[in-house]
1. Give the relative contact order (percent, whole number) for the stretch 1-97; include only Cα pairs under 8 Å separated by 6+ residues.
2. According to the square roots a ≥ b ≥ c of the eigenvalues of the Cα gyration tensor, what is the shape class of the stretch 134-206, taking rounded for a/c under 1.5, prolate for a/b larger than b/c otherwise, and oblate for the remainder?
3. Could you give the dipole magnitude of the stretch 3-123 about its Cα centre, charging the beta-carbon of Lys and Arg +1 and that of Asp and Glu -1, in debye to the nearest 20?
4. To make sure I understand the rule: partners must be aspartates and glutamates, Cα under 14 Å from the Cα of residue 61, and not fewer than 8 residues away in the same chain. Which ones qualify?
5. Would you order 180, 90 from fewest to most other beta-carbon atoms within 10 Å of each residue's own beta-carbon?
6. Please name whichever of 195, 234, 183 sits farthest to the positive end of the charge dipole of the stretch 144-306, dipole taken about the Cα centre and charges placed at Cβ: Lys and Arg +1, Asp and Glu -1.
7. Using unit Cβ charges (K, R positive; D, E negative) and no other charged atoms, how large, in debye to the nearest 20, is the dipole of the stretch 205-278 about its Cα centre?
8. Using a Gaussian network model of the chain with C-alpha springs under 10 Å, which one of 102, 38, 59 is most mobile by mean-square fluctuation?
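Values quoted throughout were computed directly from the atomic coordinates according to the rules given, and no laboratory measurement underlies them. These numbers come from a predicted model, not from an experiment. Positions of Cβ are generated from backbone atoms using ideal geometry, with glycine treated the same way; all protein chains shown enter the neighbour counts.
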Amino acid sequence: MSLIVRTPNWLGDLVMSLPAISILAAENPGTVLWSHPRVSGLIPVFFPAQKVYTAGRIRGKDFTRLLLLTDSFRSALQGFLSGIPQRIGYRTDMRSLLLTQRIDRPPDRCHHHSADYVNLAIAAGASGKAAALEPIVEPEGEPHTAYFAGARYGSAKMWPRFGALARRIFESTGLPSVFYGSPEEDSALRIIASGVPHAWVRTDLTLSGLASCLLSAELTAGNDSGGVHVSALLGIPTVRVFGSTSPVWTAPMGKFTVAVSSEHECSPCFKRECPSGIPVCMNDISTEEVFSECMGLIKRAAGSNVQ
């Protein structure tokens, strides 16, 4: 039966769903992906032959099954209106009546989120293990340190000391700094980068272009954001700062990764904005702590490459 898979709309969630997608694509060669235009550009980086739809609606007569990796009511409604006979997804957001196969989501966030997507793939009939994901893009640019100092989800995920961190790392390594982000983050990133020697801001890249640039990075440091997920999956040594979110739930997937998290009693709260106005949990994390983890990770990655 022909299968179409609605992928997550956020970049980080899409990255965490790629192991599940790899299983589905391997076991169902005709699988089609239905993806938001904001994130669809990452799929060819790992699945160059995969067919991807980016339209808001699809023709249901072309498919017999829809697997929803999204949780929203809207995506389930779009699937229902498309007329696809079988619609599989989690029983969330009051959408049970729109699904023909309803899956209960695990009740907590004490596991990695990628397991939730694999669970859905199994519900759709998958049985294998995820294949290793290898990018098909080539490195572009010079060695540098990459930073993701923004977070489109909300300010509660933003650590305020990336400028100071970049200065420390430049002083220790001599590597130029590149601050990556979306066009909406450009002004804020330029303010952060303004006090950092040999720093550039890149908010003009496609997702395949971002992957190419990250392959030239010696280190990535960032908030709990999509770009950091991409970096880790590409195998770049990646340090991620957690405050309102949980490293247990959304730690980056990669060989060389470190999660620096707050020990503040209210963390993780999973809120977009801090109720106190200023993310107290993020202020608990010092520049020195993140710098130490960055330098230690660089050394471990270098040692592994020598062996």
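1. 31
2. oblate
3. Here the stretch 3-123 has a charge dipole of around 440 debye.
4. none
5. 90, 180
6. It is 234, whose Cα lies furthest towards the positive end.
7. Dipole size: approximately 160 debye.
8. Between 102, 38, 59, it is 59 that shows the largest mean-square fluctuation.
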